[in-house]
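This report concerns only the one structure given below.
The values are calculated or read from the model by the stated rules, or taken from the named source; none is laboratory data. Bear in mind the structure is a predicted one, so any value in this text is a computation, not a measurement. So basically every Cβ, Gly included, is an ideal-geometry build from the backbone, and we count neighbours across all protein chains shown.
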Amino acid sequence: MKPGTTKRKWEAIACALAVCGSVPARAQTLPSEPIVFADGRVTFGGDVSASIGPDDTGFFNYTDYQHSALRLLRIDFTGSLKAGDHLAVLGEVRSENVGSPRPYALFLRIRPWTARQFDLQVGRVPPTFGAFARRTYAADNPLIGYPLAYQYLTSLRPDSLPGSADELLRMRGRGWLSSFSLANPTPDHGLPVASAFSWDTGVQMHVTSDFIEATASVTAGTISDPLVTDDNSGKQIAGRVAVRPIVGLILGASAARGPFLTETASQSAMGEGRNGDFTQTAWGGDLEYSRGYYLVRFETIVSDWTVPAVRAPLIDGPLRALATSVEGRYKIAPGLYAAARLDHLGFSEIVGTARRDTWDAPVTRLEIGGGYSIQRNLIFKVSYQHNTREGGRVRTLNLPAAQLVFWF
Amino acid sequence: METQRTQRGRRTQRSRLVRALFLCVASLVSFVSFEPLVSFFPPAGVLAAGGGTIRGRVELRRVAPPVERRPTVSELGAPAARDVSDRLRSVVYLESAPRGAFEQSRPGRAVLNQREERFVPHVLAITAGTIVDFPNSDRIYHNVFSLSKAARFDLGRYAAGHSESRRFDQPGIVRVFCDIHSHMNAFVLVFSHPFFAVTDDEGRYRIENVPAGTYSVIAWNEGVSSEPRPATISDGGAAELDFTLR
């Protein structure tokens with residue numbers, strides 16, 4: 001399906017939302033708070049965001065081959081069912097561009113001791129690594145686009161492998177639809193550094209105090225390719241520590257390591273038993289500081305993917321990506337804010353037959369914008385993106401966008 | 001004769017202009033103010049004299065549930081339990097201000113605390129001109145903002161031990177929130193007169209020093225208002241008025 005075929009449908013819904021938003025507060029019929037029933041044991045919340053922008057001909061904002069983050073109708077329903085003080089089931093169902101709803105999260109939260117801030121979560125759990133991926137609601141993102149680390153598709157795939165460095169270099173800047181000769185030859189989208197669009201499955205432990213928060217998990221996929229069912233017979237181990245040295249400041253450090261190639265891809269390149277060698281290893285650092293009317297966030301991720309060296313010219317050493325973003329938000333007036341994000345995604349170099357180059361095309365993005373709260377839970381955002389890429393068919397692209405967010 | 005006719009014509013024109021202007025202002029006021037709590041004109045039959053008391057009870061058939069946290073699946077910890085006691089408190093007030101009420105009101109200061117991720121009290125009733133302090137008594141950041149038409153403000157994020165203030169000049173209902181914790185909310189009811197009372201946990205209220213006269217009295221709880229009910233107060237006397245809401 002070509003991108004944008006469901007455009008009319010979601011534009012109509014966006015218009016409907018806009019009309020609902022213009023209804024005075026007194027006549028408001030849409031819920032403004034989470035829906036609670038069964039004596040407080042069941043709570044439902046929702047989040048609808050409709051983004052509209054021009055055609056992203058450079059695929060800078062695509063989250064897979066069909067969905068651009070700037071032309072997206074996202075409908076989220078989250079729910080929690082509390083079964084006493086120790087147990088809760090939490091879930092989130094999400095639909096993008098009026099597609100079939102997909103479970104995004106579904107896990108059991110166990111709190112063994114009510115007096116201690118210690119939780120065990122089992123199922124499709126929240127990301128352990130980094131900071132941005134846990135800001136699931138559209139209102140948590142001051143802009144419309146996503147940080148490159150969590151959205152931009154590199155050419156690397158978990159189910160298909162380049163036979164040589166030349167093959168990988170040919171795919172520079174084509175992550176939305178890359179194809180390689182080994183394993184699955186069908187063109188498909190590549191992997192982001194870390195996915196903000198699906199969650200991993202496994203077990204997670206979380207302990208917190210006023211000063212420090214620590215999380216560790218064992219999951220089926222990796223940060224770039226979260227999975228429901230394991231396709232690589234290996235587990236990812238991830239951890240994050242965040243400290244709050246002063247009120248308003250959060251400093252976080254994360255690490256994750258796990259096999260990222262599917263068993264089929266690994267076997268087709270190297271034969272049996274080598275799957276565990278081809279891993280994604282990532283380190284991350286993040287900072288958030290807020291005070292008064294401003295909020296500043298910084299996040300950096302270094303990711304190394306180890307891929308098989310099959311044919312000459314060999315892919316020598318791990319493929320590294322370094323993503324860095326700085327984001328700021330300032331409240332100008334009640335309900336009105338301005339925001340900006342500067343993002344860069346760089347890649348390590350490899351040596352091909354004819355040239356030495358980065359294995360994917362580095363991307364830089366500057367996004368500026370702002371938001372206005374029509375009412376507390378109805379926000380209108382606008383943004384303007386300037387994207388540049390050192391490779392690929394489209395090298396520079398400016399994209400304006402608008403978004404309406406409603407939540408309860 | 002001619003001069004008199006011209007003068008009368010001018011007077012008629014002027015009075016028409018004044019009436020039109022008044023209508024414009026009145027419609028503007030009713031448009032701008034969000035659910036104004038009191039009318040600006042004294043009711044018929046009001047006598048400005050010594051005070052009486054209006055007392056009674058507000059019965060809630062159903063207590064409004066507290067606002068739960070959004071079920072944020074990405075939150076790593078389990079949320080704490082919520083306290084519901086504040087939802088029992090209602091506000092009873094005179095719909096129309098007695099003559100002279102505006103001169104009588106002496107706005108002062110009030111406190112709306114932020115404690116354990118709640119605004120305390122959940123309902124605050126004040127007279128116009130009152131300065132409300134919003135101290136942060138938690139160990140985490142809080143923010144206080146409102147997008148209500150009667151008061152649109154944002155006090156920014158501030159840490160424990162700090163306090164920000166805001167003066168409420170326009171009568172109306174002001175919903176107050178924290179932009180960090182979406183379950184935190186409170187009501188500030190701003191009156192242009194001092195004839196109102198917040199009930200206790202059992203719904204009892206007492207409005208004192210009400211000048212003798214006949215008034216319309218309204219009870220309010222969590223955004224739900226009763227129909228106005230008449231109450232006649234004599235000098236030094238008391239009127240009993242009970243309400244049932246929801």
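Here is how the numbers come out for the structure above:
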{"read-out": "Residue within the range A:78-99 that is of a type in the set (Asp, Glu), surrounded by fewer than 15 Cβ atoms within 10 Å (Cβ to Cβ), without any contact (Cβ under 8 Å) to a residue 60 or more places away in the chain and farther than 28 Å from residue A:157 by Cβ present", "value": "yes"}
{"read-out": "Members of the range B:136-151 that are closer than 26 Å to residue B:220 by Cα and either more than 14 Å from chain A (Cβ to nearest Cβ) or assigned to a loop (DSSP other than H, G, I, E, B) (or both)", "value": "B:149, B:150"}
{"read-out": "Residues within the range A:221-249 that are modelled with pLDDT of 95 or more and more than 30 Å from residue A:155 (Cα to Cα), tallied", "value": "3"}
{"read-out": "Residue selected from the range A:196-220 under the condition aromatic (Phe, Trp, Tyr) and under 19 Å from the mean Cα position of the chain (by Cα), by the criterion modelled with the lowest pLDDT", "value": "A:197"}
{"read-out": "Residue list for the range A:53-90, filter: within 14 Å of another protein chain (Cβ to nearest Cβ) and within 21 Å of the chain's Cα centre (by Cα)", "value": "A:76, A:77, A:78, A:79, A:90"}
{"read-out": "Selection count where residues are assigned to a loop (DSSP other than H, G, I, E, B) and within 14 Å of chain B (Cβ to nearest Cβ), scope the range A:241-260", "value": "5"}
{"read-out": "Matching residues in the range B:51-73 - criterion: being under 22 Å from the mean Cα position of the chain (by Cα), at the interface with chain A (Cβ under 10 Å from one of its Cβ atoms) and aliphatic (A, V, I, L, M)", "value": "B:67"}
{"read-out": "Condition check for residue A:333: touching a Gly at 6+ places or on another chain (Cβ under 6 Å) and under 19 Å from residue A:140 (Cα atoms)", "value": "no"}
{"read-out": "Failed item, numbered, when residue A:401 is tested on (1) more than 18 Å from residue A:46 (Cα to Cα); (2) surrounded by fewer than 24 Cβ atoms within 10 Å (Cβ to Cβ)", "value": "(2)"}
{"read-out": "Test: residue in the range A:177-195 that is modelled with pLDDT under 95, under 18 Å from the mean Cα position of the chain (by Cα), part of a loop (DSSP other than H, G, I, E, B) and surrounded by fewer than 24 Cβ atoms within 10 Å (Cβ to Cβ)", "value": "yes"}
{"read-out": "Residue among B:157, B:166, B:175 that is at the interface with chain A (Cβ under 10 Å from one of its Cβ atoms), surrounded by fewer than 22 Cβ atoms within 10 Å (Cβ to Cβ) and basic (Lys, Arg)", "value": "B:175"}
{"read-out": "Looking only at the range A:92-125, and only at residues there that are basic (Lys, Arg) and in a strand (DSSP E or B), the one that is farthest from residue A:213 (Cα to Cα)", "value": "A:102"}
{"read-out": "Matching residues, the range A:167-211, being away from every other protein chain (no Cβ under 13 Å) and without any contact (Cβ under 8 Å) to a residue 40 or more places away in the chain", "value": "A:167, A:170, A:178, A:179, A:180, A:181, A:185, A:186, A:187, A:190"}
{"read-out": "Residue in the range A:344-366 that is within 14 Å of chain B (Cβ to nearest Cβ), crowded, with 16+ Cβ neighbours inside 10 Å and on the phi < 0 side of the Ramachandran plot present", "value": "no"}
{"read-out": "Residue list for the range A:299-322, filter: in contact with an Asp or Glu (Cβ under 8 Å, 6 or more places away or on another chain) and small (Gly, Ala, Ser)", "value": "A:309, A:321"}
{"read-out": "Hey, residue A:139 part of a helix (DSSP H, G or I), under 16 Å from the mean Cα position of the chain (by Cα) and either polar (S, T, N, Q) or buried (at least 18 other Cβ atoms within 10 Å of the Cβ) (or both) or not", "value": "yes"}
